[in-house]
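Inspection log for the structure reproduced underneath, given as structure tokens.
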Amino acid sequence: MNGITSVLRIKYPIIQGGMGNISNAILTAGVSEAGGLGTIGAGTMHAEEVEQIILETKSRTSKPFSVNVALSVSPNVVEILRLAVKHKVQVVTLSAGNPAPFIPKLKEAGIKIITVVASVKQAKKAEAAGADILVAEGYEAAGINSNLETTTLALIPQIVAQVNIPVVAAGGIGDGKGLAAMLALGASGVQMGTRFIATKEAPFHEKYKQKLLQASDHETVIVGRSVGRIRRLLNTSYAGKLLEAEKQGITVEEFAELTTEEIHKKGALEGSEENGFMNGGQVSGLVSDIPTVQELLERMVKEAKERLRIATLLL
């Protein structure tokens, strides 16, 4: 049995990435019901908001799902982790910060810990701290990203060689070919965010989904390099405004004001390309349809098996 399917008690080795303040119970439960691991991204939400999503998710599925807490982003880390324990959430994903202080109490509660890393050094520290699974994210990924800018293709085999716990690949994966490639590199599964946006269950604005369908292979841009706050977005007019502001010289504080979660919602939930941004990974150019989550996962696994079979025949 695949390492992460056994640890997480899921059918397919596919995890939904946390989506911050646009997270919702519909998609989270849909991914879990389809055999993957759905994820609630706590973002900067108040604990009460996160609790409501947890409760709704539990009403929609009895299968495992995760709560993702970005440690350096969330103003309510301790409260949200207490909620995970209170409501017996089976998995917690810790990202964007040092997970070590939080892991022992979560493990005492029987919660499995996923830690997001972007380097071998981070991976080894997370393993030593007690993480059960690592998500190694390359800079192809959407949204807030590592300043290290290592690609998934280069990152996965280096981390796999240095740790003894399962590694999940994230960044640039959106189909069965990508799943097969990451398994061949030694990963135990994949995490996806962008691809799940373009699914029937995802309650995001139709303009967002259509933007992904129409995306070419160079449809994403990196913003925030000038202030050390890298974020990958779909190339919209608002993304252009951010890039122009950086050219003119912008402070970290000004950049933060222009990339708040409220502005993210304007793009993702209201479909405004002028007043809000839409996260999008480099995999955007591979999105060509809007299936159900179930159809997507089953298709990916079938394609991955076939690709690995063909690769074996070629050797």
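The values are calculated or read from the model by the stated rules, or taken from the named source; none is laboratory data. Please read all numbers here as calculations on a predicted model, not as lab measurements. Using ideal geometry, Cβ is built from the backbone for each residue, glycine included, and neighbour counts are taken over all protein chains shown.
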Query raised in the report: Going by the conditions given, is K63 part of a helix (DSSP H, G or I) and over 26 Å from T220 (Cβ atoms)?
Result: no
Query raised in the report: Does A180 qualify as being within 16 Å of the chain's Cα centre (by Cα) and crowded, with 20+ Cβ neighbours inside 10 Å?
Result: no
Requested in this report: Scan region 19-40 and give yes if some residue there is in contact with a strand residue (DSSP E or B) (Cβ under 6 Å, 6 or more places away or on another chain) and charged (D, E, K, R), otherwise no.
Outcome: no
Requested in this report: Give the residue that is surrounded by the fewest Cβ atoms within 10 Å (Cβ to Cβ), with candidates limited to residues of region 13-26 that are at pLDDT 90 or above and farther than 12 Å from Q191 by Cβ.
Outcome: I26
Query - Verdict on Y208 being of a type in the set (F, W, Y), modelled with pLDDT of 90 or more and over 30 Å from L297 (Cα atoms) - result: no
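This table checks each residue for (1) at pLDDT 90 or above; (2) touching an Asp or Glu at 6+ places or on another chain (Cβ under 7 Å); (3) surrounded by fewer than 17 Cβ atoms within 10 Å (Cβ to Cβ); (4) under 27 Å from L153 (Cα atoms).
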site: L242; (1), (2), (3), (4): yes, no, no, no
site: K247; (1), (2), (3), (4): yes, no, yes, no
site: E270; (1), (2), (3), (4): yes, no, yes, no
site: E273; (1), (2), (3), (4): yes, no, no, no
site: G285; (1), (2), (3), (4): yes, yes, no, yes
site: S288; (1), (2), (3), (4): yes, no, yes, yes
site: Q294; (1), (2), (3), (4): yes, no, no, yes
site: E306; (1), (2), (3), (4): yes, no, yes, yes
site: I310; (1), (2), (3), (4): yes, no, yes, yes
Query - Out of S23, S74, S95, sole residue that is of a type in the set (S, T, Y) and closer than 23 Å to L296 by Cβ - result: S23
Query raised in the report: When residues of region 118-162 are filtered for being of a type in the set (G, A, S) and either over 15 Å from I103 (Cα atoms) or out of contact with any strand residue (DSSP E or B) (no Cβ under 9 Å at 6 or more places or on another chain) (or both), how many remain?
Result: 11
